[in-house]
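Input: a single structure, listed below in structure tokens.
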Number of protein chains: 2
Amino acid sequence: MKILILNQPPKLVLGAGALEILITSLKKSHLRRLFVLADPFVAAKLKSIFSPFVDIDVKIEITTGGEPSFDDFNRVVAIARKHKTDAVIGVGGGSVLDLAKLVASLMDAKEPVQSFVGDGIIKERSIPLICIPTTSGAGSESSPNAILIDPTDNSKKGIISSVLMPDAVYIEPDLLSSLPSDITAYTGLDALTHCIEAYANVNAHPVVDLYALEGIRLISQNLGRAIADGKDLEARTYVALGAYYGGLCLGPVNTAAVHALAYPLGTNFKIPHGLSNALLLPFVLEFNLDYALDRYASIGMAMGGDLSLHKKAAAKQGIDLIKKFIENCGMTANLSGLGVSIDDIPKMAREALLIQRLLKNNVREVKLQDAISIYQNAL
Amino acid sequence: MKILILNQPPKLVLGAGALEILITSLKKSHLRRLFVLADPFVAAKLKSIFSPFVDIDVKIEITTGGEPSFDDFNRVVAIARKHKTDAVIGVGGGSVLDLAKLVASLMDAKEPVQSFVGDGIIKERSIPLICIPTTSGAGSESSPNAILIDPTDNSKKGIISSVLMPDAVYIEPDLLSSLPSDITAYTGLDALTHCIEAYANVNAHPVVDLYALEGIRLISQNLGRAIADGKDLEARTYVALGAYYGGLCLGPVNTAAVHALAYPLGTNFKIPHGLSNALLLPFVLEFNLDYALDRYASIGMAMGGDLSLHKKAAAKQGIDLIKKFIENCGMTANLSGLGVSIDDIPKMAREALLIQRLLKNNVREVKLQDAISIYQNAL
């Protein structure tokens, strides 16, 4: 067995009542000056959640939404510093949690946030950090990653460090129920893609396989229900758990070609990350097929496929089930329908090829012509 | 889904080279006065492991072996305090790790250790804690539990707290390879029992099921290899991972009747804990059969059984595979062969019935006459 280093949140509280447990724990703690960073759409709920405090000074900051930049970080950390914050609570999707993770980690930092771009540059977190996901996709609550947009070149910069793993994750189904069905679908397919790409990956590891396959099972069984009825709290909870597992896969193994090829769709066409992944996933899987027969076969079985098939038929079944699942989630779009033309492809392919930190994980080498073909197939 | 609170080590390093990663991380840390508590049989290896330090003052204390008492704790914590220890590293089986967990947690405590017996009494850990398991059984490295013997009545007292979860777990196969085959078998079956009793449990939870079933898979596939050839490091690593998963099950769900009935065998006859579990497991499973058909069926499938069986036949297959597995691990003893006579049973049954904290988890209520019957069947 290859050596594994797995970072994970020391505490996971999952299910209806999670927030009550958080409130009780905060009241008992030494913390006195909380900074809560939240998504706009949970703003109304936050007051009732954080109103019971008498002795704790809670500063609530609602983000502007969208993917955060270095400038957003600077604005938010200044507020947190002014508040003399002693703990950060992020309540939101991946963008909000990424920002909250960085604020807690860099509260005391002297250097600009730009200087922490890369892997393992942040050595210690300044103050405690709690993450409360309100979408089920990015898995930021259980990953060591944070992504910020660099305004100088409009590119996404990754800050990766084990200290970005929160001290505790609280998954409260009630906070998940108001997510619109289209965002539920995009984000859920993003989480599914994390699991699929970590499971069929040159760095795959038995410990991560466990989370990846369970994430595939949970999302494939429950995402359709959560899309059809956002108030189905059981389905919401299972999808959230699947996304948490997907996040755990990102640190030790990470994603591969789907994510690398998806990035240019986000930066050039503002296509939501989960949707970009969903559009490309079938075509990358077909490209990989012969290089991951056993893995795709296992994915098919985890998705409820016929257990009697073997080798290539079983692997094809895996891909077919994923395709059908994406369609059933309402994702019938293609790239041209979203404004991408054939002339855009060479530039996107060149940009994708730069993301070798993910492409090197792919089970089959992706060359420039391969990237072009995959985009063409997805057009 | 029922609400879940899962505590887990924030860092797991697993595989050959884990100790090198630990050494590198210690050298980079602020820690300067380490206290290493270790099992006698790894004593020789410790010097070479902890010799590379120049700036760190390492105090190594070798335990006397056996199950630790309040007195052992007092002796060891006094040494750690005198050393002005700033971090504790436990290297050993469950007994050593339990002691190390308590030393790190109670370094600064004013009250005697007796006053922390119970669940959640320790609120904060004094200093960092690292656990390096050298047996694959108790799962102390991933559980919130520590057990000490109370010399006043010779009973086992449990101290349970989330702060007893270590900051990091390092599983180094090389340290597992010298464990004798009989202890490998007992401890491995203890770990298997943790997984089985957590999976078929009135408090079973999907998050814990994942660990429990994977633990069953890993141990059933690898324990025989580790017993046959202690130097089979791959098998050792998988069994250690199974034991780690078993430990994770103990906090949120815990064990049930097998463990409750096993305790009197330990206190009255000094039968090793894993052996006590192995001797009782088949008979408790038979007692439970009709109350856990689906669960025992799934266990059978996780152990490689015939997938086409249904309901009672599938559940029986699960029990039969467990029985056969215990035999294949060389456990052919019965209670009478270990000095237990029929006259001892009523007293043991009464003692077992006192352990309601575990019996209440059992899928079928265990009355006094039931406990007597189970012991008689195992005689």
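The values are calculated or read from the model by the stated rules, or taken from the named source; none is laboratory data. This one's a predicted model, so the numbers in the text were calculated from it and none came from an experiment. Please note: Cβ atoms are built from the backbone with ideal geometry, for glycine as well, and neighbour counts cover all protein chains shown. For accessibility, only protein heavy atoms count, side chains too; no ligands or nucleic acids. Shrake-Rupley method; radii C 1.70, N 1.55, O 1.52, S 1.80 Å.
Listing for the model above:
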read-out: Partner chain coverage, peptide A:168-176 - average Cβ within 10 angstrom; value: 1
read-out: R0 of 25 Å, Cβ-Cβ distance residue B:47-residue B:108: FRET efficiency to nearest 0.05; value: 0.30
read-out: Label-point separation in nm, residue A:324 to residue A:83, each point 7 Å along Cα→Cβ; value: 4.8 nm
read-out: The stretch A:146-161 - phi-based ³J(HN,Hα) in whole Hz, Karplus 6.51/-1.76/1.60, Gly and Pro as x; value: 9, 10, 10, 8, 8, x, 5, 10, 6, 9, 8, 10, x, 10, 10, 6
read-out: Gap separating the Cα centres of the stretch B:329-379 and the stretch B:1-71, nearest whole Å; value: 36 Å
read-out: Amide H contacts under 5 Å for residue A:60, placed H, 5+ residues apart; value: A:36
read-out: Cα-Cα over 26 Å, subset of A:101/A:323; A:27/B:82; A:47/A:84; B:270/B:316; A:45/A:110; A:28/B:82; value: A:101/A:323; A:27/B:82; B:270/B:316; A:45/A:110; A:28/B:82
read-out: Separation in nanometres of the label points that stand 7 Å from Cα toward Cβ, at residue A:64 and residue B:225; value: 5.6 nm
read-out: Spatial separation of Cα centroids for the stretch B:198-241 and the stretch A:292-327, in angstrom; value: 26 Å
read-out: HN-Hα J in Hz across the stretch B:208-220 - Karplus 6.51, -1.76, 1.60, θ = phi - 60°, x for Gly and Pro; value: 6, 3, 4, 5, 4, 5, 5, x, 4, 4, 5, 6, 5
read-out: Within 10 Å of each Cβ in B:159-166, the average number of Cβ atoms from other chains; value: 1
read-out: Computed E for residue A:181/residue B:24 - FRET, C-beta separation, R0 51 angstrom, nearest 0.05; value: 0.60
read-out: Per residue accessible area of chain B, 1.4 Å probe, in Å²; value: 38 Å²
read-out: For the stretch A:1-85, alpha-carbon Rg relative to the globular expectation (2.2 N^0.38 Å, N residues); value: 1.34
read-out: Separation of the residue A:377 and residue B:32 label points, Cα + 7 Å toward Cβ, nm; value: 6.0 nm
read-out: Peptides ranked, highest mean first, by Cβ atoms within 10 Å: ranges A:336-343, B:30-37; value: B:30-37, A:336-343
read-out: Mean Cβ neighbour count within 10 Å, used as a protection proxy, ranking A:237-246, A:121-130, B:254-263 highest first; value: A:237-246, B:254-263, A:121-130
read-out: Calculated P(r) tail over 39 Å for chain A, as whole % of Cα pairs; value: 13 percent
read-out: Computed accessible area, residue A:357, all protein chains, 1.4 angstrom probe, square angstrom; value: 110 Å²
read-out: Test item: B:10-20 mean partner chain Cβ contacts at 10 Å; value: 5
read-out: Solvent-accessible ranking of B:348, B:303, largest area first, probe 1.4 Å; value: B:303, B:348
read-out: Share, in percent, of DSSP beta bridges within the protein assembly as shown that are antiparallel, nearest 5; value: 30 percent
read-out: Solvent-accessible area buried by A and B, counting both chains, probe 1.4 angstrom, square angstrom; value: 2800 Å²
read-out: Three-way shape call for the protein assembly as shown based on the alpha-carbon gyration tensor, with the a/c threshold at 1.5; value: prolate
read-out: Per-residue SASA entry for residue B:360, accessible area with 1.4 Å probe, Å² rounded to 10; value: 130 Å²
read-out: Solvent exposure ordering (accessible area, 1.4 Å, most first) of B:310, A:205; value: B:310, A:205
read-out: On Cα atoms only, tilt of B:181-199 relative to the major axis of chain B in degrees; value: 70 degrees
read-out: Accessible surface of the protein assembly as shown, 1.4 Å probe, proportion on carbon and sulfur as whole %; value: 53 percent
read-out: Residue A:73 accessible area, assembled protein chains, probe 1.4 Å, Å²; value: 10 Å²
